[in-house]
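Undergrad: Below is a structure I'd like to ask you about.
The values are calculated or read from the model by the stated rules, or taken from the named source; none is laboratory data. Everything numeric in this text was worked out from a predicted model, so none of it was measured. Note that we place each Cβ from the backbone using ideal geometry, even for glycine, and neighbour counts take in every protein chain shown.
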Amino acid sequence: MTGLLRRIERFIATGEGRFGRLAAAAARFGIERVEPYRRLCERRGVTHAALDDWRAAPPVPTSAFKSLRLAAAEPREVFRSSGTTRGGERRSVHHHPYPDLYRTVIDATFADACLPAGSGRVPILSLIPDRRAAPDSSLSFMANHVFERHAAPGSAWAVARHGIDVEQARRWLRSHDRDEPVLILATALAFVLLLDHLEGSTADAIRLPAGSRVFETGGFKGQRLETTPEDIRRRSRSLLGLDPEAVVREYGMTELTSQAYSRPGGERLRTPPWMPFRVLDPETLEEVEDGEPGLLAFFDLANLGSVCHILTEDLGVREGNAFQLLGRATGAELRGCSLTAEELGAA
Amino acid sequence: MNRRELSQGNARSLGARTFWSASGAKRRLRKSSLKATILSLARGARALRGIPAGDLLAAWNDTLAAFLDAASPERQALDSHLLQSTGLSPAGLGRGLRTIGAGMAGEPAASELQRPLRQKRHGFSLVVLPASPPGLMLQSILPALAARAPVLFKSSRAEPHFAPAFLAALGRRLPALRDAYAAATWTGGDETVESAFHAAARVVAVYGTHETIEALQSAATRRLIAFGPKLSLGWVGRDADLARAARGMALDTALFDQRGCLSVEAVLVEPAIAPTFAAALAEALAELALDLPPGRGNAAERAGVRLAREDADLRGLPWYGDALDVGTVILDSDPRIRPSPGLRTVRIHAVEGAPTLDEWNGRLQGVAVAGHMPATVRRAFEHAGVSRLAAAGELQATDAAWRNGGIDLAAEFAGSD
């Protein structure tokens, strides 16, 4: 086990090793160690000994993290999804035995994706709660690690008890309106709330230094906000002086250890070499052609501590080596007599 | 599944801001004409007060009969649009409209229209309709007629056909209604239109998502009635005839392709009979699909059903189903209720005694019942806000006396002022 973990860490950190072999070994490890997954594989006729291609390992729907304990070893961290504002629904729980692997992933991806080339430590403003405020949030785990690795002195968390502290954020941004580029860590919702606050402020617009970046993750979790990516870009420019390439979108979830990122200013998401994605036909779970929409599935080597092959609730489409998000599968939300135009026809 | 499917919602839009009066006239809803539109609707109240109940009932019955008859000229003109906009199969559309409308004709309608309710002052109400199911506006137009209350119906951009067609047909039969009823579409959140209508409307009744309702709550409306998203359940007692119960539950599940608040999404069954009932329901759904073929499901629903099946597999739960859209029955060992992903997917929960429904207070609409329901179980459902208990197979066949969510819309439209 330790050998496999070390080999995966090395592959993530340095690229040494062969993904296919590691992935097959990781899938076998999951079958061996994660009881519900072993039983699923048995029912599907997938045996430990015969498994030599990761694609043959059945993907596990993310909903399974809401009802089953999927842990290959004693967890050292327990991450829970945040749920929507209305509550009531079950939350995903990711029992994570290998948090150092998570740190390795962040070290191997975050700086390349989110920081301007050659930058060392940068002033960071986080609109994401730190670990003291949200000890079971995988996003807060990540934000803390990013602070440890990349934050320059004076970096700050602008988070209040019940949300973000937009006024503290505004003051911090005003005080960094010169010299060094800054990095803002935010969920999409938090960033929009910040822009709303700045729009309502009577103070002069803030002009952040060229090269500043925004790390934006997640959606709006049940909030009805009248906004679009174009609107966010437009307001980022007028209120913060950010150019259209400033925003880096991150795609991650409690059930995955690794993340996908867009290029700065882009919409298409790319996964790292240790987390290939596939777009699957819901009817057959076979991979669809490029350009055809389907369910997004990931094989994340860094999920060694639970299950590596994950079937998400997200619909997407492959465009070359990247994917675009298209929407969500139905499931958790009540819809009776309340379907919107988009829900009826789209999705 | 293709990419085009994924954007059909927008493609089907007729364009923002369209207005249909009950005279059948159609025009663009312009900012400059909003005030005149509001005044015209509000003035309609006076003409309504003078209409004898008998004339109103005759016009209503005749119009409704035409809309429940697939061979009528009105339906012939409407069905191709409705099939396109709703995605229902022709059989599904016909059966659905008959189910929702049949109980609103004749005696139940007469009782409703003869209630001593009258809107006394000028003014109009606004009813915001969902994209599905079609024909849902019948449940608000009849109370509006009973209260002699003018109403503007906001149709969804995805299904903008039924409301204007029905109002025009009503206006042809009783021209005195023409000024008092109208339909319109606009893009939700269109401030120009919404702020004017919301501020002027005496009552706003909205069928919509929590997000829609929350947004309207913050608008300056005088009275907001929210019909938020709900689901319905089935209950099967141990003495039930399982084959008959399964056929009834299958119909209550499949009507409107499980997109209504009276659609059954989960069935609570006494433990001893749960596995047998699950198998019977799966068989009934497969049989029903021959008579009532599924409509055009969308990618999100197909994905949701696939995930539900994969989740069941992982948890080792027995499930039944073939093609994704014909129906899926999952025998769920977890007693907690979850919404169905759609496409006739039903979870069967074995429940001993009264179910725990705390999480669902205010979010349950109806219960289809087969076999004996103990009083404790009935109380649990009623405590959770269930507004309709009906025999399996008849849950969606409401009549004019049903009060959705316990709300008397006619009294609300009439108002106390």
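Undergrad: Return a yes/no flag: does segment B:376-387 have any residue that is in contact with a Phe, Trp or Tyr (Cβ under 7 Å, 6 or more places away or on another chain) and more than 21 Å from A:L68 (Cα to Cα).
TA: There is at least one residue in segment B:376-387 that is in contact with a Phe, Trp or Tyr (Cβ under 7 Å, 6 or more places away or on another chain) and more than 21 Å from A:L68 (Cα to Cα).
Undergrad: What is the number of the single condition among (1) assigned to a helix (DSSP H, G or I); (2) over 29 Å from B:T398 (Cα atoms) that B:L281 does not meet?
TA: The single condition B:L281 does not satisfy is (2).
Undergrad: Among (1) modelled with pLDDT of 95 or more; (2) surrounded by fewer than 23 Cβ atoms within 10 Å (Cβ to Cβ), there is one condition A:L296 misses while meeting the rest; what is its number?
TA: Result: A:L296 passes all but (2).
Undergrad: Follow-up. What residue, among those in segment B:141-167 that are among the small types (G, A, S), crowded, with 24+ Cβ neighbours inside 10 Å and in a helix (DSSP H, G or I), is farthest from the other protein chains (Cβ to nearest Cβ)?
TA: B:A146
Undergrad: Tell me the residue from A:I8, A:I12, A:I31 that is closer than 24 Å to B:D311 by Cβ and either more than 23 Å from the chain's Cα centre (by Cα) or away from chain B (no Cβ under 14 Å) (or both), please.
TA: A:I31
Undergrad: Moving on to the next point. Would a scan of segment B:310-324 turn up a residue that is over 28 Å from A:L285 (Cα atoms), more than 8 Å from chain A (Cβ to nearest Cβ) and of a type outside the set (V, I, T)?
TA: Taking every residue of segment B:310-324 in turn, none turns out to be over 28 Å from A:L285 (Cα atoms), more than 8 Å from chain A (Cβ to nearest Cβ) and of a type outside the set (V, I, T).
Undergrad: Any residue in segment B:85-106 that's within 14 Å of chain A (Cβ to nearest Cβ): show its pairings with residues that are basic (K, R) at Cβ separation under 6 Å, as long as the two are six or more apart or on different chains.
TA: B:G87/B:R296
Undergrad: Would you list the helices (runs of 4 or more DSSP H) that sit entirely within segment A:62-169 and hold 1 or more residues that are closer than 30 Å to B:T209 by Cβ?
TA: Where helices (runs of 4 or more DSSP H) fall fully within segment A:62-169 and carry at least 1 residues being closer than 30 Å to B:T209 by Cβ, they are A:64-67, A:138-150.
Undergrad: Does A:L185 satisfy being outside any loop (DSSP other than H, G, I, E, B) and either at pLDDT below 95 or over 23 Å from A:R263 (Cβ atoms) (or both)?
TA: Working: outside any loop (DSSP other than H, G, I, E, B): yes; either at pLDDT below 95 or over 23 Å from A:R263 (Cβ atoms) (or both): no.
No, not satisfied.
Undergrad: May I pose another question? Kindly establish whether B:L262 is within 14 Å of chain A (Cβ to nearest Cβ), out of contact with any Cys (no Cβ under 6 Å at 6 or more places or on another chain), in a loop (DSSP other than H, G, I, E, B) and under 30 Å from B:R403 (Cα atoms).
TA: Yes.
Undergrad: Applying the selection to segment B:213-231, what residues are within 7 Å of another protein chain (Cβ to nearest Cβ) and buried (at least 18 other Cβ atoms within 10 Å of the Cβ)?
TA: B:A215, B:F227, B:G228, B:P229, B:K230, B:L231
Undergrad: So, in segment B:177-236, exactly how many residues are of a type in the set (S, T, Y) and touching a His at 6+ places or on another chain (Cβ under 7 Å)?
TA: Step one: filter segment B:177-236 for residues of a type in the set (S, T, Y), giving B:181, B:185, B:187, B:192, B:195, B:207, B:209, B:212, B:218, B:221, B:232.
Then keep just the ones that are touching a His at 6+ places or on another chain (Cβ under 7 Å); that gives B:221.
Number of matching residues: 1.
Undergrad: Right, another one. Please work out which residue is farthest from A:L296 (Cα to Cα), limiting yourself to segment A:1-16 and to residues that are buried (at least 16 other Cβ atoms within 10 Å of the Cβ) and of a type outside the set (A, V, I, L, M, F, W, C).
TA: Looking at residues that are buried (at least 16 other Cβ atoms within 10 Å of the Cβ) and of a type outside the set (A, V, I, L, M, F, W, C), I get A:R7.
Undergrad: A further question on this structure: Can you go through B:L290, B:L281 and tell me which one is aliphatic (A, V, I, L, M) and surrounded by fewer than 24 Cβ atoms within 10 Å (Cβ to Cβ)?
TA: Exactly one residue qualifies, and that residue is B:L290.
Undergrad: Scan B:T185, B:T192, B:T209, B:T221 and give me the residue that is of a type in the set (S, T, N, Q) and at pLDDT 90 or above.
TA: Testing whether each residue is of a type in the set (S, T, N, Q) and at pLDDT 90 or above leaves just B:T185.
Undergrad: Same structure again: Check off (1) surrounded by 24 or more Cβ atoms within 10 Å (Cβ to Cβ); (2) more than 11 Å from B:Y207 (Cα to Cα); (3) touching a helix residue (DSSP H, G or I) at 6+ places or on another chain (Cβ under 6 Å); (4) not small (G, A, S) for B:V127 and give me the number that stays unchecked.
TA: (2)
Undergrad: Looking at segment A:282-302, can you tell me whether even one residue there is farther than 24 Å from B:E301 by Cβ and among the β-branched types (V, I, T)?
TA: No, every residue in segment A:282-302 fails to be farther than 24 Å from B:E301 by Cβ and among the β-branched types (V, I, T).
Undergrad: May I pose another question? Given the conditions (1) surrounded by 16 or more Cβ atoms within 10 Å (Cβ to Cβ); (2) part of a loop (DSSP other than H, G, I, E, B), which single one is not true for B:A47?
TA: (2)
Undergrad: Looking at segment A:18-57 only, could you name the residues that are buried (at least 20 other Cβ atoms within 10 Å of the Cβ) and outside any helix (DSSP H, G or I)?
TA: Passing the criteria: A:V34, A:A57.
Undergrad: Report those strands (runs of 3 or more DSSP E) wholly inside segment A:272-344 carrying at least 3 residues which are within 8 Å of chain B (Cβ to nearest Cβ).
TA: Answer list for segment A:272-344: A:293-299, A:309-319, A:322-328.
Undergrad: B:D239: surrounded by fewer than 22 Cβ atoms within 10 Å (Cβ to Cβ) and away from chain A (no Cβ under 14 Å), yes or no? Steps first, please.
TA: Working: surrounded by fewer than 22 Cβ atoms within 10 Å (Cβ to Cβ): yes; away from chain A (no Cβ under 14 Å): yes.
When the stated conditions are applied, B:D239 passes them.
Undergrad: Additional query: Collect the residues in segment B:227-248 that are assigned to a strand (DSSP E or B) and either out of contact with any helix residue (DSSP H, G or I) (no Cβ under 7 Å at 6 or more places or on another chain) or at pLDDT below 90 (or both), keeping them in residue-number order.
TA: Scanning segment B:227-248 gives B:L231, B:S232, B:L233.
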